[in-house]
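Here is the structure we will look at, set down as structure tokens.
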């Protein structure tokens, strides 16, 4: 059995950057949750995103699917709250969320996970 990895430098750049962004999101969500700044649902989505990043780093298909699902759900939640409920749009957060979804759905990431993930 292979040891668990936090990061895999042999993966394509698109997946490497996505993993870094997911860990950053999860870490900030935990910090904001401890400080009482972040709401529970978005923070839980971001923590689940961090779990998905660990799965992607270990080349597990469930991790890739979890990463896509949580990233897309967080993007949809951010847009919904910002546009329809007057929460205001955090432009930088929105750009990073779009970039994360784009990195995970990039053809290079998709083809790599189809071949190498189990």
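Here are the numbers for the structure shown:
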quantity	calculated
Flag if residue 107 is out of contact with any strand residue (DSSP E or B) (no Cβ under 8 Å at 6 or more places or on another chain) and modelled with pLDDT of 95 or more	yes
Matching residues, segment 14-39, being more than 12 Å from the chain's Cα centre (by Cα) and in contact (Cβ under 8 Å) with a residue 24 or more places away in the chain	14
Residue 42 vs. criteria without any contact (Cβ under 8 Å) to a residue 60 or more places away in the chain and part of a loop (DSSP other than H, G, I, E, B)	no
Cβ pairs under 8 Å, 6+ apart, first in segment 87-109 and at negative phi and assigned to a helix (DSSP H, G or I), second at pLDDT below 85 and surrounded by 13 or more Cβ atoms within 10 Å (Cβ to Cβ)	94/82
Breaking point among (1) touching a helix residue (DSSP H, G or I) at 6+ places or on another chain (Cβ under 6 Å); (2) within 29 Å of residue 9 (Cα to Cα), for residue 31	(1)
Residue that is farther than 15 Å from residue 99 by Cβ, crowded, with 19+ Cβ neighbours inside 10 Å and at pLDDT below 90, where the choices are 48, 29	29
Candidates 74, 23, filtered to the one that is assigned to a helix (DSSP H, G or I) and surrounded by fewer than 18 Cβ atoms within 10 Å (Cβ to Cβ)	23
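The values are calculated or read from the model by the stated rules, or taken from the named source; none is laboratory data. Note that the coordinates shown come from a computational prediction; the quantities given were computed from them, not determined experimentally. Neighbour counts run over all protein chains shown; Cβ positions are idealised from the backbone, glycine included.
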